[in-house]
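Data block below; observations after.
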Amino acid sequence: MRTVTVYYAYDGTVFNSATECKKYERYAISLMDEFKNHVLLLDMMKRPMFCPTGLDIEGTMAWFHMTYSNCLYVNINVELSNDLIDFINNNLGLIFPPNKVGLYRYDYDTDEWVSAD
């Protein structure tokens, strides 16, 4: 008989090492911190939809998916890192507005983000 220990990250990615799993999750946290510092999600009345403080990575990702799916506007304050854009588009499977400073509104007729400035 043998015992195998594996570590599951927030998204189900499997690691053989706790250190590698924590490193993977810290990277995701750093990307979400960049998002929270430079992007504001707004509802249909343009009210901010803030992430609650003190959430772990699973809670942050759950908040992000729920809120991003329900926001109508996105305000980008600075050009974001390519790593963050790739993470949102590829790892999270969401469509992000153009990576340019400005206010964007989701157009449900064309299924894309358009400038709302």
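The values are calculated or read from the model by the stated rules, or taken from the named source; none is laboratory data. Quick caveat, the model's predicted, so the values are computed rather than measured. Note that each Cβ is placed from the backbone with ideal geometry, even for glycine, and that neighbours are counted across all protein chains shown.
Keeping to the range 22-49, report how many residues are assigned to a loop (DSSP other than H, G, I, E, B) and either touching a strand residue (DSSP E or B) at 6+ places or on another chain (Cβ under 8 Å) or closer than 20 Å to Ile95 by Cβ (or both).
Here the count works out to 4.
Is it the case that some residue within the range 13-20 is modelled with pLDDT under 95 and in contact with a strand residue (DSSP E or B) (Cβ under 6 Å, 6 or more places away or on another chain)?
Checking the range 13-20: not a single residue is modelled with pLDDT under 95 and in contact with a strand residue (DSSP E or B) (Cβ under 6 Å, 6 or more places away or on another chain).
Looking at the range 57-76, which of its residues are touching a residue at least 24 places away in the same chain (Cβ under 8 Å) and more than 19 Å from Pro97 (Cα to Cα)?
Correct list: Ile57, Glu58, Thr60.
In this structure, does Phe87 turn out to be within 30 Å of Val6 (Cβ to Cβ), in contact with a helix residue (DSSP H, G or I) (Cβ under 6 Å, 6 or more places away or on another chain), of a type outside the set (A, V, I, L, M) and not in a strand (DSSP E or B)?
The answer is yes for Phe87.
Taking the residues in the range 15-44 that are small (Gly, Ala, Ser) and within 17 Å of Ile85 (Cα to Cα) as candidates, determine which candidate is surrounded by the fewest Cβ atoms within 10 Å (Cβ to Cβ).
The selected residue is Ser30.
Which condition number in (1) buried (at least 16 other Cβ atoms within 10 Å of the Cβ); (2) modelled with pLDDT under 95; (3) in contact with a Gly (Cβ under 9 Å, 6 or more places away or on another chain); (4) not aliphatic (A, V, I, L, M) is the one that Asn75 fails?
Evaluating Asn75 over (1) buried (at least 16 other Cβ atoms within 10 Å of the Cβ); (2) modelled with pLDDT under 95; (3) in contact with a Gly (Cβ under 9 Å, 6 or more places away or on another chain); (4) not aliphatic (A, V, I, L, M) leaves (2) as the failure.
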